[in-house]
Amino acid sequence: MNFKSLISIAAAGLVLAACQSPEGKTLGQISDASKADSLIYYFGQMRGAEYQREATNDTTLASKQARQEYINGVKAGLNAVKAGKDAYNNGVFLGMQMAMNMAQFKKDYDVTLSNRVFLESLAEAIESDSIGNPQELQKEFYRIMGEFNKQKEERNREAATEALEKEASAKKMAKISDNLYGNIPAAKDMKIKDGDKVKVDIKITNSKGNPVNAPLPATLVVGQRMKDSPINDAILSLSSGQKGTFLTSAYALFGARSSQMGVEPNDVLTIDLTPTIEEEAKEAQNAQ
């Protein structure tokens, strides 16, 4: 689930500041429901519908256990609020945000951030006689984040390379370039070369055979757009109109954008590709 969505749901629950039973009831089952009860009931229904929509995209949220844990989490948030204690309640909200951010950081970078160090840093900044320079603080923060990102990219690259080599070996595919494998018969006609403008018929699927919806050009000039992509190497291994099937990794194809494409960096993807030099494609259409 999107963390921003989770935070907005939790924040709304904190503002309401009421202890609710986790047992589900319809409005008709709530005895002597007042207008205020009806109002908050429909607010809860809206948030529940939002959860259901999230669960259709993230199946880990769809189980009965996950739903109950979510309800219990909202209940804990409601009970955490202290009426009239704005500073405390704002602190609770920040604590919730940081807990979720730290969990995501652990998942993304395999590094556990320290609650103790964060609290000690926060306390020092709040109690200090001077205010820290935000530009300097951000500069140091992003410098260190850059180092973590480099380490993460290297781990992703190594994992993707290992997974691709293993799958290519299992399918007995030959290496075409560093991140591309395939079994391509000798071209009958002259191979496509850099500078050719080609129409590209392409399909990318994951290991389960499901399509990967990626923004790919219908036409391109070989050696220019997507020059460093495995797709460019695949096109160069074919002649105009020749179909090829290739293996590559999600990391090689999408890099840090893999998750946006709905795949993990070390997922092995199949590329079915037929490039046609544009002039030949027009001639074939005219002939029809």
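Compute the whole-percent fraction of alpha carbon pairs in segment 99-148 spaced more than 16 Å apart. Looking at segment 99-148, the distances longer than 16 Å represent 55 percent of pairs. With respect to the chain, whose longest principal axis is taken over its alpha-carbon atoms, helix 86-109 is tilted by about 30°. D by Stokes-Einstein for the chain, Kirkwood Rh over Cα pairs, 37 °C, 0.692 mPa s: 137 µm²/s. Each Lys and Arg adds +1 at its Cβ and each Asp and Glu adds -1 at its Cβ; summed about the Cα centre, the chain shows a dipole of about 640 debye.
Counting only alpha carbon atoms, the long axis of helix 35-57 and the longest principal axis of the chain meet at about 20°. Value of Rg to Rh for segment 203-269, rounded to two decimals, is 0.95; Kirkwood radius and Rg both from alpha-carbon coordinates.
So for Ser169, Ser249, Ser177, what's the accessible-area order with a 1.4 Å probe, most first? Don't skip to the end; give the middle numbers.
Details: Ser169 85, Ser249 0, Ser177 25 Å².
Largest accessible area first, the list is Ser169, Ser177, Ser249.
Given their separation in residues at 0.36 nm each and the Cα-Cα distance between them, Asp189 and Asn115 gain 20.2 nm when the chain is fully extended. Ranking of Glu23, Glu158 by solvent-accessible surface, largest first: Glu23, Glu158 (1.4 Å probe, protein heavy atoms only, all chains present). Relative protection proxy for 159-165, 37-43, 112-118, 26-32, from highest mean packing down: 159-165, 37-43, 112-118, 26-32 (other beta-carbon atoms within 10 angstrom).
In the chain, what percent of the accessible surface is made up of carbon and sulfur (1.4 Å probe, ligands and nucleic acids excluded)?
Carbon-and-sulfur percentage of accessible area, whole number: 52.
Net charge dipole, segment 189-280: roughly 160 debye, given to the nearest 20, about the Cα centre with Cβ charges of +1 for Lys and Arg and -1 for Asp and Glu. For the chain, the longest principal axis of the C-alpha atoms and the axis of helix 134-170 are separated by about 50°. Candidates Ala186, Tyr142, Ala159 compared by Cα position along the dipole of segment 65-188: farthest toward the positive end lies Ala186, with charges placed on Cβ. Dividing the convex hull volume of the alpha carbon atoms of segment 54-162 by its residue count gives 163 Å³ per residue. Placing unit charges on the Cβ atoms of the charged side chains and taking the dipole of the chain about its Cα centre, the candidate lying farthest along the positive direction among Ser177, Val92, Ile30 is Ile30. For the chain, the mean residue ellipticity at 222 nm estimated from helices alone is -17500 deg cm²/dmol, where every DSSP H run of n ≥ 4 contributes -39500 (n - 2.57) and the total is divided by all residues, rounded to the nearest 500. Peptides 261-269, 127-135, ordered by how many other C-beta atoms sit within 10 Å of their residues on average, highest first, read 261-269, 127-135. For the chain, the solvent-accessible area of protein heavy atoms averages 67 Å² per residue (probe radius 1.4 Å; ligands and nucleic acids excluded).
Measuring r between the beta carbons of Lys107 and Asp228 and using R0 = 41 Å, the FRET efficiency lands at 0.90.
The values are calculated or read from the model by the stated rules, or taken from the named source; none is laboratory data. Worth saying up front: this structure is predicted, and the values here are computed from it rather than measured. A quick note on method: Cβ atoms are made from the backbone with ideal geometry, for glycine too, and the neighbour counts reach across all protein chains shown. Please note that ligands, DNA and RNA were not included when accessible areas were found on the heavy atoms of the full protein model with its side chains. Shrake-Rupley method; radii C 1.70, N 1.55, O 1.52, S 1.80 Å.
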